[in-house]
Each structure stands twice: as structure tokens, then as C-alpha cells.
Amino acid sequence: MSKIKTIGILTSGGDAPGMNAAIRAVTRAGIYNGFKIKGIYRGYEGLIHDEVKEFTTEDVSGIITRGGTILKSARSKDFMTPEGRQKAYETCKKEEIDALIVIGGNGSLTGARDFAMEYDFPCIGLPGTIDNDVYGTDATIGYDTTMNTIMECVDRIRDTANSHERIFFVEVMGRDAGFLAQNCAIACGAEAAIVPEEVTDVDQLAAFMGRGIRKSKKSCIVIVSESPKCGALYYADRVKKEFPEFDVRVSILGHLQRGGSPSARDRVLASWMGVAAVEAVMQGQRNVMIGIRNSDAVLVPFSECIRTDKRFDKRLLTVLDELSI
């Protein structure tokens with residue numbers, strides 16, 4: 001602890017609402033506790049190329065309301081190589097950065113783990129991703145805001161679906177995790193959610209149509225997790241072929257899900273995690289992620305949060321089925 005005087009902070013991977021609140025929290029908590037804080041622009045790429053600036057409290061004034069990240073973000077192929085990490089370490093030495101706080105998802109935390117192990121460098125992670133797929137925390141920074149954004153969009157789509165008696169397949173982000181699709185479907189009163197966790201278990205479209213939807217409803221909403229093979233377009237095409245009597249439309253929400261001012265919940269979550277990250281540095285912790293479990297801040301080893309899949313509670317799909325009749 002006595003050797004750490006300067007903390008570097010960066011955001012990496014996909015942006016998420018609330019990242020700025022976390023940057024603000026780390027900066028102000030760090031300065032409050034006697035550290036210098038240096039912002040690193042464009043994630044690991046900026047660390048490699050020495051895009052670093054010392055932050056004051058004024059630099060983070062007013063950013064808690066803003067979406068995205070003032071530090072920018074980038075995916076760095078160079079950082080995946082030993083040569084790239086060597087350059088990043090040289091930047092840390094040049095800028096006198098003694099510890100890193102990394103805000104991002106699984107890929108960003110993997111990079112932090114590799115860097116920490118390779119150079120015995122103190123790294124603390126904050127889970128910043130709209131997908132909520134990071135193990136070890138009940139919620140990730142950006143997840144709540146994104147759910148609210150999706151809910152507002154689907155509420156509007158519902159008006160059109162009802163007016164024209166259509167089936168709408170609405171595609172949301174999530175990659176290999178169905179947390180957004182499942183929970184947004186419940187929040188929006190959708191008739192079904194198609195999630196990657198169920199793809200190998202059952203023909204989800206057949207199960208959905210077989211529940212009697214053709215008899216009881218002329219319009220409905222189906223929330224689909226994005227997928228290059230089995231996304232919303234795939235299921236819409238199937239309905240057109242197998243149930244040609246239905247009028248089908250697709251809405252892919254895309255990157256609008258990432259933007260917007262963070263919700264109160266995300267602002268509080270990011271602020272709490274940011275302060276906890278500085279406290280972890282003060283305690284001499286390293287190679288851990290800050291998580292929130294059962295309303296408590298916890299430290300999760302990188303090896304655990306990266307290698308372990310977050311549990312997907314399929315019971316909520318049963319809740320959705322029962323409420324969609």
C-alpha cells in the first residue's frame with residue numbers, strides 16, 4: 001500500500017451507461033484518500049500509446065448524468081500480445097502509475113488478469129457491461145439503464161403491434177447471455193423470450209406457438225437475444241413459412257440500447273463500486289473484481305469471475321409463460 005501513489009483508470013470494451021459515474025467515483029474517492037488519479041483514454045489501446053491525463057475533481061464534474069464514457073473505449077488486439085502488454089507496462093512506469101482500475105466486461109477483466117499476472121501489477125476490476133453476464137455480481141454497471149431503454153422501446157412497438165394485429169420479434173443485445181431478453185420480456189408484458197440458454201433444449205418457437213397463441217391472440221411481442229444464426233430475423237422467417245396467416249415484423253434495437261443517461265440505480269451502483277475499488281487498493285488487494293451480492297460489496301478473484309458462467313435462472317421463463325396467456 002505504501003508504494004501506491006497513483007491509480008490509473010480506464011474503460012474497455014463496449015460502453016455502458018454508468019461508466020462515467022464509476023470514473024467520477026474512482027477519481028474523487030482516490031483524491032479524497034490522497035492518491036493521484038490518471039485517466040487513460042481509449043482503454044488498453046490508450047495505455048499502450050500513452051494517452052494519459054492526470055484527473056482533478058473538476059475533470060469529472062457533471063459527468064454522472066452522461067451516458068457512454070468520457071475516457072472513450074476501444075478493443076485492443078495489440079494488448080492481447082506480450083509485446084503490447086510490455087508497451088502498456090512501460091507506459092505505467094513512465095506515468096508513475098502504481099495500480100489500475102479497469103471498467104469493462106469479461107474481455108476487459110481477462111486483459112486485466114493477464115497484465116496483473118505478467119507484471120505482478122495491482123489491478124482492480126469493475127463489471128461494466130449492459131449484458132449482466134459477469135459472474136460474481138448481482139448486477140453490472142449499465143444493465144438497469146439498458147433494461148429501461150428496451151422497455152420504453154417495446155412499449156411503443158406494442159402500440160403498433162396491437163393496431164395492426166402483428167407478431168413483432170424484437171432483438172436485444174446479450175450475445176451468449178439471455179438476461180436482458182428474459183427480464184425485459186417480463187417487464188414489457190411480452191408473450192415470449194427466446195434466449196441462448198434454451199436453444200439446445202427445445203425448439204423455442206414451436207413451444208411458443210404451441211401454447212395456443214394462434215387461438216388467443218392476434219398480436220404479440222417476442223423478445224429475442226441477438227445471435228448471428230438464430231436472431232430475430234431467423235425466427236420471423238420461420239413464422240412466415242410455417243404460419244403464413246400471421247403478419248410478422250422485426251425490430252432490431254441495436255446500439256440505441258447502449259446510450260442514454262444512466263438510471264438512478266446504475267448511478268448508485270457505479271458510485272458504490274468505484275469507492276469500493278479505491279478501498280480495495282488501500283487494503284492491498286489485487287487481481288480482484290468488485291461485485292455486489294445481496295446488497296454487500298464483495299471481492300471476486302479475476303480467475304473466478306472470468307472462468308465461471310453466471311447462473312441463468314430459468315424459473316423466470318416459467319413466470320413469463322404463466323403471465324403471457
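Val222: without any contact (Cβ under 8 Å) to a residue 60 or more places away in the chain and either open to solvent by less than 70 Å² (accessible area, probe 1.4 Å) or assigned to a helix (DSSP H, G or I) (or both), yes or no?
yes
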**Pair list, Cβ under 6 Å, 6 or more apart: the range 275-294 residue at negative phi and at pLDDT below 95, other residue in a loop (DSSP other than H, G, I, E, B) and surrounded by 20 or more Cβ atoms within 10 Å (Cβ to Cβ)** = Arg286/Pro122
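Residue by residue, here is whether (1) over 11 Å from Arg24 (Cβ atoms); (2) within 22 Å of the chain's Cα centre (by Cα); (3) not in a loop (DSSP other than H, G, I, E, B) holds:
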| residue | (1), (2), (3) |
| --- | --- |
| Gly46 | yes, yes, yes |
| Ile64 | no, yes, yes |
| Gly68 | yes, yes, no |
| Lys72 | yes, yes, no |
| Ser76 | yes, yes, no |
| Phe79 | yes, yes, yes |
| Glu83 | yes, no, yes |
**Request:** Can you run down the residue pairs with Cβ atoms below 8 Å, 6 or more apart or on separate chains, where the first is in the range 297-325 and more than 30 Å from Arg286 (Cα to Cα) and the partner is of a type in the set (Lys, Arg)?
**Result:** Asp321/Arg211; Ser324/Arg211; Ile325/Arg211
**Message:** Please count how many residues of the range 251-286 are open to solvent by 50 Å² or more (accessible area, probe 1.4 Å) and over 28 Å from Thr65 (Cα atoms).
**Reply:** 3
**Request:** Restrict the check to the range 79-86 and report whether at least one residue is crowded, with 16+ Cβ neighbours inside 10 Å and out of contact with any helix residue (DSSP H, G or I) (no Cβ under 6 Å at 6 or more places or on another chain).
**Result:** no
**Criterion (modelled with pLDDT of 95 or more and open to solvent by 10 Å² or more (accessible area, probe 1.4 Å)) met by exactly one of Arg66, Arg75** = Arg66
**Item:** Residue selected from the range 193-219 under the condition farther than 16 Å from Lys240 by Cβ, part of a helix (DSSP H, G or I) and open to solvent by less than 70 Å² (accessible area, probe 1.4 Å), by the criterion modelled with the lowest pLDDT
**Value:** Gly212
**Fill in**
Of the residues in the range 287-296, those that are more than 20 Å from Ala99 (Cα to Cα) and either surrounded by 16 or more Cβ atoms within 10 Å (Cβ to Cβ) or out of contact with any Gly (no Cβ under 8 Å at 6 or more places or on another chain) (or both) come to Ile292, Asn294, Ser295, Asp296
**Item:** Condition broken by Lys53, with the remaining ones in (1) open to solvent by less than 60 Å² (accessible area, probe 1.4 Å); (2) on the phi < 0 side of the Ramachandran plot; (3) at pLDDT 95 or above satisfied
**Value:** (1)
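The values are calculated or read from the model by the stated rules, or taken from the named source; none is laboratory data. Everything quoted here is computed from the prediction, not taken from an experiment. Counting neighbours? That spans all protein chains shown, and the Cβs are built from the backbone with ideal geometry, glycine included. The accessibility values were calculated without ligands, DNA or RNA, using every heavy atom of the protein model including side chains. Shrake-Rupley method; radii C 1.70, N 1.55, O 1.52, S 1.80 Å.
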